[in-house]
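Each remark here refers to the structure printed beneath this line.
The values are calculated or read from the model by the stated rules, or taken from the named source; none is laboratory data. Remember, it's a predicted structure, so these values are computed and weren't measured experimentally. Every residue, glycine as well, gets a Cβ built from its backbone with ideal geometry; the counts of neighbours run over all protein chains shown.
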Amino acid sequence: MVATNGGESPSSWTFLTHHARVLVEIARDPQTRMRDISARIGITERAVQNIVSDLHQEGYLTFSKVGRRNHYTLNLDRGFRYPTEAGLPVGLLIDMFTQHDLPDDASSELSGGTS
């Protein structure tokens, strides 16, 4: 059954925030570039920079320079921010999205369209 909304364009909300999506992308590739994260999740590179800064300030990740690139380390024991989930480690979310194979079309998008 398909719900309609009176001919209006469909809503664009999603279950995961951009912060969660950035964290998942870093978990998938700890040496990823902000430019690549931006392209994968569809936000500006500047927005990714701000999110990475937020995540770093709140203790969800640290980073170090490896050559010209950053290498990120996630703190998967850090709890969620919302009070009802604060007792759960963010690692549960990361595991859900990184421990499973991606659909073929999504994995080819992540690798730049080549297999």
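Considering only residues that are closer than 16 Å to PRO30 by Cβ and among the hydrophobic types (A, V, I, L, M, F, W, C), look in segment 52-82 and name the one that is modelled with the lowest pLDDT.
VAL66
Here is a check on your reading of the model: is THR32 at pLDDT 95 or above, of a type in the set (Ser, Thr, Tyr) and part of a strand (DSSP E or B)?
Judged against the criteria, THR32 is not a match.
Name the residue, out of ALA3, ALA27, ALA86, that is at pLDDT 95 or above and of a type in the set (A, V, I, L, M).
ALA27
Out of segment 33-50, which residues are without any contact (Cβ under 8 Å) to a residue 40 or more places away in the chain and under 19 Å from MET96 (Cβ atoms)?
ILE37, ILE41
Sort through SER53, SER38, SER64 and tell me the only one that's among the small types (Gly, Ala, Ser), in a helix (DSSP H, G or I) and exposed (fewer than 15 other Cβ atoms within 10 Å of the Cβ).
Working: SER38 fails: exposed (fewer than 15 other Cβ atoms within 10 Å of the Cβ); SER64 fails: in a helix (DSSP H, G or I).
The unique qualifying residue is SER53.
For THR14, are the conditions met, namely being over 10 Å from the mean Cα position of the chain (by Cα), surrounded by fewer than 16 Cβ atoms within 10 Å (Cβ to Cβ), at pLDDT below 95 and closer than 21 Å to HIS100 by Cβ?
On the way: over 10 Å from the mean Cα position of the chain (by Cα): yes; surrounded by fewer than 16 Cβ atoms within 10 Å (Cβ to Cβ): yes; at pLDDT below 95: yes; closer than 21 Å to HIS100 by Cβ: yes.
For THR14, the condition - over 10 Å from the mean Cα position of the chain (by Cα), surrounded by fewer than 16 Cβ atoms within 10 Å (Cβ to Cβ), at pLDDT below 95 and closer than 21 Å to HIS100 by Cβ - is met.
ARG21 - would you say it is over 23 Å from GLY79 (Cα atoms) and either assigned to a helix (DSSP H, G or I) or in contact with a strand residue (DSSP E or B) (Cβ under 9 Å, 6 or more places away or on another chain) (or both)?
It is false that ARG21 is over 23 Å from GLY79 (Cα atoms) and either assigned to a helix (DSSP H, G or I) or in contact with a strand residue (DSSP E or B) (Cβ under 9 Å, 6 or more places away or on another chain) (or both).
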